[in-house]
1. Answer with yes or no whether Gly133 is open to solvent by less than 50 Å² (accessible area, probe 1.4 Å) and closer than 30 Å to Ala4 by Cα.
2. Looking only at the range 91-114, which residues are on the phi > 0 side of the Ramachandran plot and near ligand 1 (Cβ under 9 Å from one of its atoms)?
3. Restricted to the range 181-207, and to residues that are more than 10 Å from ligand 1 (Cβ to nearest atom) and basic (Lys, Arg), which residue is farthest from Ile149 (Cα to Cα)?
4. Are any of the residues in the range 1-23 hydrophobic (A, V, I, L, M, F, W, C), open to solvent by 30 Å² or more (accessible area, probe 1.4 Å) and in contact (Cβ under 8 Å) with a residue 40 or more places away in the chain?
Amino acid sequence: MGTAATAAIATLKKNGFAKLSQKVLSSEETKEFESIIDRLHADKSISVDYSANSPSAASLIGRDQRLDFLLNKILAHPEVQGVLSQVVGDDFKIWEISTRISMDTDPGLGMHVDAVGQCNLAYLINDQTTPAGVTSFWPGSHLLPRSFINKVGLALDWIGSYYWKKMFVPLTGTAGDVAFFVNKTYHGRLPAPASGGQRKIILMGCFPVGSRFKPIQQHVPFDSIEQPELRKRLSLSQGVHTMGDGFVMVGPEGAKSSSYTMSIEPAGPASFKTFWMASKARLANLCFGVYKRLRPNRSEVSHA
Ligand SMILES: O=C(O)CCC(=O)C(=O)O
Ligand SMILES: [Fe+2]
């Protein structure tokens, strides 16, 4: 692992998001990437979802050999691998690989947090050097409890966007930049004006051992994906177990989650944990009481 990954890991742990200082595709590949995405969106061959206030397409894999090759190259890059292995562990799985295109007059996306354990990789497809229409973060908020973040969020909504916008840091950059963010960091997308052009990114949702997600189908079955890193991360035939409610959990049943993103989540619902610890303490007391009652007789016998 090189200096770019080491620096990104330190920043990510401090702020909840970080950019890699090194590009992972050549400038020709970066341009090719954008033209493939533009072509796929233009010919309507992928289904586009508007639920996050901007066009987003999720089943990209298996449609274009060069796109699969370039996505695989991003994921398999040693610096990217270095960051992900420290943040979501070596056995993480990928839930979604999607495009997000912020268009002119994008109303933005409200501030929020996402799934437990999730860490997104963001790849900037084109230049986006001003805050309009880009993902934006409240630095350090990934270290706060979720319930607190949600309460602060409500308060910020009430105070109004003028003040809270100053607290947030936008993920600006140039084409080919790679960034990572812990999805527990309070984040959203800033609105864009009428003539700002398009801001295009790829988002890859990475899930560590012990976290859960609902799989999204790709254009081809996961196990027939040719590119090895893409197949390894998307395949559900090993490295996950099913939960019975449409969700899968990463890792074998009962696996211990030791990733960074799981370490900043509480281990379980507080009430259950407290109840369990109290029960164990009560049981230990009972055993000790019984032992003390029996012990004098037994010691008399043994020392007689
Ligand atoms: O569209 C955006 O910039 C926000 C994306 C987002 O919320 C996410 O990837 O979790
Ligand atoms: Fe999000």
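1. Numbers: open to solvent by less than 50 Å² (accessible area, probe 1.4 Å): yes; closer than 30 Å to Ala4 by Cα: yes.
Spelling it out, Gly133 is indeed open to solvent by less than 50 Å² (accessible area, probe 1.4 Å) and closer than 30 Å to Ala4 by Cα.
2. In the first step, residues of the range 91-114 are kept if they are on the phi > 0 side of the Ramachandran plot; the result is 105, 108.
The answer is Gly108, and nothing else.
3. Among those residues, the one meeting the criterion is Lys200.
4. Going residue by residue through the range 1-23, those that are hydrophobic (A, V, I, L, M, F, W, C) are 1, 4-5, 7-10, 12, 17-18, 20.
Filter once more, so that each one left must be open to solvent by 30 Å² or more (accessible area, probe 1.4 Å): 1, 7, 10.
Still in the list and also in contact (Cβ under 8 Å) with a residue 40 or more places away in the chain: 1.
Scanning the range 1-23 turns up at least one residue that is hydrophobic (A, V, I, L, M, F, W, C), open to solvent by 30 Å² or more (accessible area, probe 1.4 Å) and in contact (Cβ under 8 Å) with a residue 40 or more places away in the chain.
Residue-by-condition table, conditions (1) of a type in the set (Asp, Glu); (2) open to solvent by 20 Å² or more (accessible area, probe 1.4 Å); (3) more than 16 Å from ligand 2 (Cβ to nearest atom):
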residue: Glu28; (1), (2), (3): yes, yes, yes
residue: Lys31; (1), (2), (3): no, yes, yes
residue: Ser56; (1), (2), (3): no, yes, no
residue: Asn72; (1), (2), (3): no, no, yes
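The values are calculated or read from the model by the stated rules, or taken from the named source; none is laboratory data. Computed from a predicted model, the values in this text were never measured in an experiment. As a convention, Cβ positions derive from the backbone with ideal geometry for all residues, glycine included, and neighbour counts pool all protein chains shown. To get the accessible areas, we keep the full protein, side chains included, count just its heavy atoms, and leave off ligands, DNA and RNA. Shrake-Rupley method; radii C 1.70, N 1.55, O 1.52, S 1.80 Å.
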